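First up is the structure itself, then whatever we jot down about it.
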Amino acid sequence: MILTYPLTTVSMRAAVKKEGTKSGVSGQLEAAIRIIKEEGIQGLYPGVQSAIFGIAFTQYIYYYWYEFVKATLEKAAGEGRGLTVTENLMGSAVAGAVTAVLTNPIWVVNTRQVVKKDGAKTSETSTFAQTVMTIMKSDGILGFWKGIWPALILVINPVIQYTVFERLKERLQRVRSNLTAFDFFILGAISKLAATGITYPYIVVKSRMQVAGGADDSTRYKSVLDGFKRIIKEEGIKGLYKGIESKIVQSVLTSAFLFAFKEELVGSAIGLLVLLRLRDPVSAVKGAASA
């Protein structure tokens, strides 16, 4: 999150801005340079604290519920039978839906911090508490669940990602059994590229719904379908893909780093456990017996 946050800032601001945003990689680069010029380097990191908290909380909720649903399905299936692909995807979808509902308030606050309202001082970024109070005043408690419907639809993003990742991993393992961190980096990048490319229009609608404040806000959409219709009518199909260049780079790098770091950390943890057991013969015997 920290490594790729500037790309998130550029992408989100482009996604919610209707006018004056150039398309393409050059447009995204120009936007980043303008942010640095007007706001300094810190302008690329508005709301980074809430994002770090949000991603940690999101991952915890997601994997907790995924393992809970998985264990429930395995118990229902009986011993000796693993879960099917459909059951795994169902577990991922349920976990994603619960996560979206529970964490949406965090991402609404983060979106408001990243995307400044017209007239706001470029050097100022509201704190988490200030943004919470602003949302409460303008939209009430329900304002924290703006964009929840596209967020629920975006549950398919990790489903697509992990499905593509596992299929590519299986095919690559047929060629060579020992995969390196670089292999996982590439697999993570390709799988996230596929997921982001398919679901990006929903990300645009969600961001605009989350940043909208007050009944007279022009970015307020009645529904996801209304959002699609109005964006296409006012900005054309390309309006659904504003900021996709930096978002794809950010998503791909995040996923790639995640899978690469994960494999390295797991490998290091296993190696450490082996060393500890070798230093303690009793634990080694017990470990062998339990295995």
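Any read-out appearing in this document is the output of simple, stated calculations on the displayed coordinates, not a laboratory observation. Worth saying up front: this structure is predicted, and the values here are computed from it rather than measured. Using ideal geometry, Cβ is built from the backbone for each residue, glycine included, and neighbour counts are taken over all protein chains shown.
The table that follows gives values for the structure above.
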quantity	calculated
Helical mean residue ellipticity (222 nm; -39500 (n - 2.57) per DSSP H run of 4+; nearest 500) of the chain	-25500 deg cm²/dmol
Stretch gain in nm, segment ALA76-GLN49, where the contour uses 0.36 nm per residue and the Cα spacing is subtracted	5.6 nm
Degrees between helix 244-279 axis and first principal axis of the chain (Cα, 0 to 90, nearest 10)	30
Residue order, fewest to most beta carbons within 10 Å, for ILE52, ILE148	ILE52, ILE148
Rounded tilt (10° steps) of 281-290 against the dominant C-alpha axis of the chain	80
Burial ordering of TRP65, TRP107, fewest other beta-carbon atoms within 10 Å first	TRP65, TRP107
For a label point 7 Å along the Cα-to-beta-carbon line of ILE232, residues of segment 175-213 with backbone N under 17 Å	198-206
Approximate shape of the chain as ellipsoid semi-axes (Cα gyration tensor, √5λ), whole Å, largest first	38, 22, 20
Charge tally in the Cβ shell below 15 Å around PHE182, where Lys, Arg are +1 and Asp, Glu are -1, PHE182 excluded	0
In order through segment 185-194: 3J(HN,Hα) via Karplus (6.51 cos²θ - 1.76 cosθ + 1.60), integer Hz, x for Gly, Pro	4, 5, 4, x, 5, 5, 5, 6, 4, 5
For a label point 7 Å along the Cα-to-beta-carbon line of THR127, residues of segment 23-52 with backbone N under 18 Å	46-52
The chain: angle of helix 5-16 to the longest principal axis, Cα-based, in degrees nearest 10	50
Projected-area mean, segment 46-88, by convex hull of Cα positions, square nanometres	3.6
Net charge, MET1 excluded, C-beta distance under 15 Å - Lys, Arg +1, Asp, Glu -1	+3
Sorted by Cβ density within 10 Å, fewest first, the residues VAL164, VAL252, VAL109	VAL164, VAL252, VAL109
